[in-house]
Every structure is written in structure tokens, then in C-alpha cells.
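I have placed the structure first, in the form of C-alpha cells, so that the comments after it can refer back to it.
The values are calculated or read from the model by the stated rules, or taken from the named source; none is laboratory data. None of these values were measured; they are calculated from a predicted model. Virtual Cβ from ideal backbone geometry, glycine too; neighbours counted across all protein chains shown.
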Amino acid sequence: MRRAAVPEFCNGSRQSPIDIVTQDVAVDSKLTDFTFTKFNDKTMLSKIENTGQTVKVSFEVGVEVSGGNLPEKYDSLQFHLHWGNGADVPGSEHTVDGKRYPMELHIVNLKSSHNGNTTAAVADGTGAAALGFFIESVTNTTGEPQAWKTLASYLSSITEKGQNATMAPGISLDDLLPGVNRSRYYRYLGSLTTPLCYEAVVWTVFKEPVKVSKDLIDMFSNTVRIGNGTSAFMREVYRGLQKAQPVTHNSSSKMNFSYGLFILMFALWMR
């Protein structure tokens, strides 16, 4: 059920997702570290829902993100997931040098100044900020990380479209993002990846993936359905790649290599 997005803005000039071609990415020194508010709070994940198109987790009020050269503070509202068909058929929305990961997690945020008004946010070219995290499959473990095992345990309660479940306190956003250096990321201006595809999103795609055991990734495409209990399983829930956009990042291996070479040559010269 790969999404065929066509309405209104979906044929615009800054559509998402895209393939990030690393050799074309420019360095932007203004892309500083983020400040993540209440990402460590184990009471902020409030509800998990089967929307018929994805699995969405809503947050309690108070989760925020700022910094990272965002124009202002953003309120974090929810995260949702994109996947293919188990760990063996990848389904991330963004790709890097043509590589598609098994899954992708998107944290959706709106400018705080819009006070939750989504109509105003989508009319603002930077009204929304999306944080994208790749999910990579690990085959030598099962049920790891524990936070993802807990998250996946709710899937049996939302097998049909429209079903939702209250999440008990116990896991935080930080728990779901272990091992990711959130100082290393790509940035571009794009759109929502579902109709009406509003071109209002500041995209941040983190370079390092979250590592999740294969059995947990497989549960998403083998548990939740697009409709009632006799409908198809929810699979290939991602939009196809769109036209390339200018992408920047906040670090450069070429620059680091050159700097390291300079230091080495200077040290040899000083001997």
C-alpha cells in the first residue's frame, strides 16, 4: 500500500521524502545541537493508534525541541512509523545514497507560536519540524531494545483501523532512540509525506540509525491491518522518493580528514 500522493500540493517543488546523496551535501556551521525537552520523561507517551495508514503515538503536553538552527521552539505532538514488509523488505521514506532502511520513525513538531493551530502551521513554510530516525535491523538478538519490545507489545491491541490504546508510563522518547548521536544530522526544507503534502516542513534526518531486533520490526507488518480484522496487513507504508532538494549537514568527514592531516604535518614540521 505504498502511498500514491496526488492532491493539491503533492506535485510541488519541495516535496518529501528524498534520497540524500552524501557527496552533494554542503556543510552548514549554523546547524548546532538541539535541546530536547522531556524526551527523557517516561510519562509523555500517552496513546498509540492504528490510523489505517500507520501506527501513531501521541504525546502529553510539554515535549519540545529547539536549537539546531530551527527558527524557534517547537511543540512535539506525536511520532509515527514507516515500514516495508518486515526487516527483509525495507520501507524507510528517506534513503541515503540509495540505501533504504527497514523502518523510519518521524517525530512531528509544530512551531510553538502557532499554539497547536495546524492550519496556521501548514501555511507557514517552516511551521512544522520533522525529526527522522532510521531503524536498522539486528539479527543476532530478539526483543531488543527493551523499550521497542514494550512499544511492539501494544500492537496486538490496535490490530484494526481506528483502534487505540492508552500507554502506561514506562518508556520515553530517549529510550526509543538509544545509540543515536543527535548532534549528527542532515537538514533540508520539504513537505509532509501524506496528502495534502503541505510544503511546510523543516526536515532533520539523523545520520545514525536506531538498532532494533528483526523480530520486533517484523511485528509491525504482521500484526496491524489497514481496516478491519479481515483486511490486508499494513505493509509498504511509505511514499516514493521525490525530486532532490538542497541538503546540508553539520559535519564533514572531508573537513575532519583535512584538519587531521594539517595537524599531523604541523607536528612533523615542529620536530
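Restricting attention to the range 173-208, the residues being within 22 Å of residue 111 (Cα to Cα) and in contact with a helix residue (DSSP H, G or I) (Cβ under 8 Å, 6 or more places away or on another chain) number 8. Scoring residue 217 on the criteria (1) surrounded by fewer than 18 Cβ atoms within 10 Å (Cβ to Cβ); (2) in contact with a Ser or Thr (Cβ under 8 Å, 6 or more places away or on another chain); (3) of a type in the set (A, V, I, L, M, F, W, C) leaves a single failure, condition (1). If I filter the range 119-127 for residues that are of a type in the set (A, V, I, L, M) and assigned to a strand (DSSP E or B), do I get at least one hit? Checked against the condition, which is being of a type in the set (A, V, I, L, M) and assigned to a strand (DSSP E or B), the range 119-127 yields no hits at all.
Sort out which residues of the range 95-104 are under 16 Å from the mean Cα position of the chain (by Cα) and either of a type in the set (D, E, K, R) or in a loop (DSSP other than H, G, I, E, B) (or both), and write them in order of number. Steps first, please.
Of the range 95-104, the ones under 16 Å from the mean Cα position of the chain (by Cα) are 95-96, 99-104.
99, 100, 101, 102, 104 - these are the residues of the range 95-104 that are under 16 Å from the mean Cα position of the chain (by Cα) and either of a type in the set (D, E, K, R) or in a loop (DSSP other than H, G, I, E, B) (or both).
I'm trying to understand the selection: among the residues of the range 234-259, which are of a type in the set (A, V, I, L, M, F, W, C), over 15 Å from residue 87 (Cβ atoms) and either surrounded by 14 or more Cβ atoms within 10 Å (Cβ to Cβ) or at pLDDT below 95 (or both)? Show your work before the answer.
Initially, the range 234-259 is screened for residues of a type in the set (A, V, I, L, M, F, W, C), giving 234, 237, 241, 244, 247, 255, 257.
Filter again for over 15 Å from residue 87 (Cβ atoms), leaving 234, 241, 244, 247, 255, 257.
Once the filter is applied, which keeps residues that are of a type in the set (A, V, I, L, M, F, W, C), over 15 Å from residue 87 (Cβ atoms) and either surrounded by 14 or more Cβ atoms within 10 Å (Cβ to Cβ) or at pLDDT below 95 (or both), the range 234-259 yields 234, 241, 247, 255, 257.
In the range 16-23 there is no residue matching the filter, namely being assigned to a loop (DSSP other than H, G, I, E, B), acidic (Asp, Glu) and in contact with a Ser or Thr (Cβ under 8 Å, 6 or more places away or on another chain).
Being outside any loop (DSSP other than H, G, I, E, B), within 27 Å of residue 66 (Cα to Cα), small (Gly, Ala, Ser) and at pLDDT 95 or above is the requirement here; does residue 113 meet it? Can you show your working first?
On the way: outside any loop (DSSP other than H, G, I, E, B): yes; within 27 Å of residue 66 (Cα to Cα): yes; small (Gly, Ala, Ser): yes; at pLDDT 95 or above: yes.
Answer is yes for this residue.
Selection of first residues in the range 162-188 that are within 19 Å of residue 37 (Cβ to Cβ) and of second residues that are assigned to a strand (DSSP E or B) and among the aromatic types (Phe, Trp, Tyr), restricted to Cβ pairs under 7 Å at least 6 apart or on distinct chains, gives the following pairs, ordered by first then second residue: 177/133; 180/133; 180/206; 182/34; 182/206; 185/206. Screening residue 141 with (1) part of a strand (DSSP E or B); (2) out of contact with any helix residue (DSSP H, G or I) (no Cβ under 7 Å at 6 or more places or on another chain); (3) not aromatic (Phe, Trp, Tyr) gives one miss only, at (1).
Once the range 112-153 is narrowed to residues that are crowded, with 23+ Cβ neighbours inside 10 Å and in contact with an Asp or Glu (Cβ under 8 Å, 6 or more places away or on another chain), the residue that is nearest to residue 72 (Cα to Cα) is 133.
Considering only residues that are basic (Lys, Arg) and closer than 21 Å to residue 150 by Cβ, which ones fall in the range 211-243? Spell out the reasoning first.
Kept after step one, since they are basic (Lys, Arg), are these residues of the range 211-243: 211, 214, 225, 235, 239, 243.
Result: 211, 214.
Based on what the data block shows, is residue 64 touching a residue at least 40 places away in the same chain (Cβ under 8 Å), more than 17 Å from residue 222 (Cα to Cα) and not aliphatic (A, V, I, L, M)? Yes.
In the range 155-175, the qualifying residues are those that are small (Gly, Ala, Ser) and not in a helix (DSSP H, G or I), and the one that is surrounded by the most Cβ atoms within 10 Å (Cβ to Cβ) is 172. Count of the range 80-94 residues, restricted to those that are touching a residue at least 24 places away in the same chain (Cβ under 8 Å), part of a loop (DSSP other than H, G, I, E, B) and in contact with a Phe, Trp or Tyr (Cβ under 6 Å, 6 or more places away or on another chain), is 3.
Looking at this structure, is residue 137 modelled with pLDDT of 95 or more, within 18 Å of the chain's Cα centre (by Cα), over 30 Å from residue 26 (Cβ atoms) and among the polar types (S, T, N, Q)?
Details: modelled with pLDDT of 95 or more: yes; within 18 Å of the chain's Cα centre (by Cα): yes; over 30 Å from residue 26 (Cβ atoms): yes; among the polar types (S, T, N, Q): yes.
Criteria met by residue 137.
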